[in-house]
1. Determine, yes or no, whether Gly332 is at pLDDT below 95, over 20 Å from Ala20 (Cβ atoms) and surrounded by fewer than 24 Cβ atoms within 10 Å (Cβ to Cβ).
2. Being among the charged types (D, E, K, R) and in a strand (DSSP E or B), is that true of even one residue in the range 1-13?
3. Kindly list the number of the only condition in (1) at pLDDT 95 or above; (2) over 15 Å from the mean Cα position of the chain (by Cα) that fails for Tyr66.
4. What pairs come out if I take residues in the range 376-402 that are without any contact (Cβ under 8 Å) to a residue 60 or more places away in the chain and pair them with residues that are hydroxyl-bearing (Ser, Thr, Tyr) and surrounded by fewer than 24 Cβ atoms within 10 Å (Cβ to Cβ) whose C-beta lies under 9 Å away, six or more apart or interchain?
5. Checking Asp83 against (1) surrounded by 12 or more Cβ atoms within 10 Å (Cβ to Cβ); (2) more than 23 Å from the chain's Cα centre (by Cα); (3) not polar (S, T, N, Q), which test does it fail?
6. I'd like the residue in the range 144-184 that is of a type in the set (A, V, I, L, M, F, W, C), in a helix (DSSP H, G or I) and under 19 Å from Pro335 (Cα atoms) and, out of all such residues, is modelled with the lowest pLDDT.
7. Considering the range 339-355 alone, what residues qualify as being assigned to a strand (DSSP E or B) and either under 25 Å from Lys42 (Cα atoms) or among the hydroxyl-bearing types (Ser, Thr, Tyr) (or both)?
8. Can we say Ser188 is buried (at least 22 other Cβ atoms within 10 Å of the Cβ) and assigned by TED's automatic domain parsing to the domain that holds Gly47?
Amino acid sequence: MIETVHIAIIGSGPAGLMAAEAAACAGARVVVFDRMPSPARKFLLAGRGGLNLTHNEPPSAFLTRYGEAQARLAPLIEAFPPDALRAWARDLGQETFVGTSGRVFPKSFKASPLLRAWLRKLAALGVELRLRHEFRGWDAQRRLRFATPEGETLIEADACVLALGGASWPKLGSDGGWADMLRGEGLSVAPLRPSNCGFEIAWSPVLKSFGGFPLGPVTLSGGGQSLRGECVITEHGIEGGAIYALSAGLRDAIERDGSAELVVDLRPDVSLETLAGRLGRPRGGQSMASVLRKSGGLPPVSAALVREPGPLPADPAELAARIKALPLRLTGVRPIARAISTAGGLRFADVTPELMVSSKPGLFVAGEMLDWEAPTGGYLLQACFASGRAAGAAAAAFAAGGAA
């Protein structure tokens, strides 16, 4: 079966749906294809703990979160900044608020109401959604190939936007299989790596028993950064918000050196001298566990961590120093399938500022398929929305005969 469409969007996550909206608003006839039986599955998962749409920090600080990709992403985000994203959500009937951390959430705190309103808007714009269509690349005539329950379908499109996501949480639809497909097309794709991920530590049996216990607030230092936050001990190692913020540097260190050191200050609100003084008080008949709990102010999981490097120092100053700078050796990165997001992707050198593949006129790429990464906190979704909007508008212009 061969069919002709105006604009084909492949992928129904935030980048793909925003590309569809932008193209439809420009007057294009849009069809969105996705291999899953329902759209935006990872977006819905992200909303289970409170949908963090964007962040309220000043633009100059906001843009630095994209590291080496800042120069390429900045024009896209400046064209659709956090305030515009909040206004877009408001127009869908989803008011937002700024949390104490500066993160921006819908007042409903959920993704499903926003997605339902968005899909209604897209339908009103004439956007067609075709599910259970798995993209298989191109045929010899450069038609899009899709595997469907009824067999293969070939689509001729005036322009196409690829928004197939990264490689994290593949059961939700994004498995990174497109990377080899694009390499086969002669494009340069940076290896896909876990981002905003957990790490492996060779815990003792005692620490493994604390799997699932929260740790914090603590100060973490590693990968060239230091910050205060919370994390979680797992059976395999450590993860959580503060770890995710440091994950890029820690991951790179492990790839380079085989391991990385994470230094934990278990009592960030108490100075070394004050803590040493408290630990040096007469113990009387107290056990060391009681001393760590009462004088050291450590909950059981932190007390177990302090014992992890070996016998506790007898000297109060040395014990305080361990509590204030506990070294943990990270031996590996947790699998990419369990990461929140993905680093790597199609290199920006292969795309125009409008996100069209330079060697393939009419083919655009958006979202996590591009080679960038950012910490959690709203930066991931903001860049996906902004890049999708830019790619969709450019695809519509190209299909209409204008410059991409």
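The values are calculated or read from the model by the stated rules, or taken from the named source; none is laboratory data. Remember, predicted model here, so these are calculated numbers, not experimental data. Methodologically, a virtual Cβ is constructed for each residue, glycine included, from the backbone with ideal geometry; neighbour enumeration extends over all protein chains shown.
1. Numbers: at pLDDT below 95: no; over 20 Å from Ala20 (Cβ atoms): yes; surrounded by fewer than 24 Cβ atoms within 10 Å (Cβ to Cβ): yes.
No: the conditions fail for Gly332.
2. Scanning the range 1-13 turns up at least one residue that is among the charged types (D, E, K, R) and in a strand (DSSP E or B).
3. (2)
4. Short answer, once both residue conditions are applied: Ala394/Thr352.
5. (2)
6. Leu172
7. Within the range 339-355, Ser341, Thr342, Ala343, Gly344, Gly345, Leu346 qualify.
8. Values: buried (at least 22 other Cβ atoms within 10 Å of the Cβ): no; assigned by TED's automatic domain parsing to the domain that holds Gly47: yes.
The answer is no for Ser188.
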